[in-house]
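The block underneath contains the structure these notes are about, expressed in structure tokens.
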2 protein chains.
Amino acid sequence: MGITKTQIFTDKQNDLAQFFKVLGHPARVAILQYISSQNACVCSDLVDEIGLAQATISQHLKELKSINLLKGEIDGKSMCYCINVERWSEIQEQLNAFFNNAKLNCC
Amino acid sequence: MGITKTQIFTDKQNDLAQFFKVLGHPARVAILQYISSQNACVCSDLVDEIGLAQATISQHLKELKSINLLKGEIDGKSMCYCINVERWSEIQEQLNAFFNNAKLNCC
DNA sequence: AAATAACATCGTAATATTGCAATATATAGT
DNA sequence: ACTATATATTGCAATATTACGATGTTATTT
């Protein structure tokens, strides 16, 4: 087995979980923190900054792009990866909705 | 090699990622949603509600407990799993800090 | 004390993730 | 065209996760 049974959950549950999953790696947290602390960012900076191989960083960036948290623009011969502000806010709202939805009067 | 290099990240980054990781499964999202929609909860309800085997639900509950999001109290011969309100709020704040920390004036 | 009920844990098979070397691709400068 | 630089992709080995049947544990009921 070992395969997640996505079909028994709602799309919302799967989407939310997918988002959490992508953020569930310290390298990806670190990448987001670093990118958001700069005004722009190129991947070679990240390789130096994070301390993982270039192939590995590139893979993590791909996953962050897969949920639209980053947008990458070609800037000469390097890439400029930036936070996708709209998506970022949208997700923050979704998370707050998730948290606030919890009725807290139990036990 | 398949092992996450936690040692190259800060404790905060690892903690945040660990939290995201635990929530990064639709079954655990569904469990939290269901528990928070009730005032109390026993595991057998969850098995019916979610549609995974009892052993699997039990495992997911264990992971949610590992980040202190749930507290379980023994209630006769069954368990009452509840949201840990303090921890829940604490994490929500941490996430908002993470999101708000992003400077959004890039590109 | 035996049977039942409600979880928890163990063991294991299937699948996913992580990390990197090697290689591919694309652009800039010479 | 050639070389250097920057990033992406591929392939693979090591490890982690998911799911569940079987079994263990603990408390209630009879």
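The values are calculated or read from the model by the stated rules, or taken from the named source; none is laboratory data. Note that this is a predicted model, so its numbers are computed, not measured. Using ideal geometry, Cβ is built from the backbone for each residue, glycine included, and neighbour counts are taken over all protein chains shown. Calculation scope for accessible area: heavy atoms of the full protein, side chains included, ligands and nucleic acids excluded. Shrake-Rupley method; radii C 1.70, N 1.55, O 1.52, S 1.80 Å.
Structure notes:
- Buried accessible surface for the A/B pair, both sides summed and rounded to the nearest 100, is 4200 Å² with a 1.4 Å probe.
- Helix A:54-66 and the longest principal axis of the C-alpha atoms of chain A enclose an angle of approximately 40°.
- Shown for B:Asn68: label points 7 Å from Cα along the beta-carbon vector, and their distances to the equivalent points in the other copies, 3.5 nm in ascending order.
- Taking each residue as 0.36 nm, the span from B:Lys62 to B:Glu90 lengthens on full extension beyond its C-alpha to C-alpha distance by 8.1 nm.
- The relative contact order of chain B comes to 22 percent, based on Cα pairs under 8 Å that sit 6 or more residues apart.
- Measuring r between the beta carbons of B:Gln7 and A:Ser44 and using R0 = 22 Å, the FRET efficiency lands at 0.45.
- With all protein chains modelled, accessible area of A:Phe9 [1.4 Å, Å²]: 20 Å²
- Helix A:26-37 vs. chain A, principal-axis angle (Cα, 0 to 90°, nearest 10): 60 degrees
- Sorted from nearest, the other copies put their B:Glu86 label points 4.2 nm away, the label point being 7 Å from Cα in the direction of Cβ.
- Within the full protein context, the accessible area of B:Glu63 is estimated at about 70 Å² for a probe radius of 1.4 Å.
- Listed residues B:Lys5, B:Lys77 arranged by accessible area, highest first, probe 1.4 Å: B:Lys77, B:Lys5
- When the stretch B:1-71 is described by a simple charge dipole with +1 on each Lys and Arg Cβ and -1 on each Asp and Glu Cβ, the residue from B:Thr4, B:Ser37, B:Gln54 located farthest towards its positive end is B:Thr4.
- Computed accessible area, A:Thr6, all protein chains, 1.4 angstrom probe, square angstrom: 70 Å²
- Against chain A, whose longest principal axis comes from its Cα atoms, helix A:85-100 is set at around 30 degrees.
- Per-pair calculated FRET efficiency, R0 = 30 Å: B:Ile74 and A:Gln18 via Cβ, rounded to 0.05: 0.30
- Copy-to-copy label separations for A:Tyr34, where each label sits 7 Å from Cα toward Cβ, in nm and ascending: 4.1
- Cα-centred dipole magnitude for chain A, charges only on beta-carbon of K, R (+1) and D, E (-1), debye, nearest 20: 400 debye
- Simple Cβ-charge dipole of the protein assembly as shown, Lys/Arg +1 and Asp/Glu -1, about Cα centre, in debye nearest 20: 340 debye
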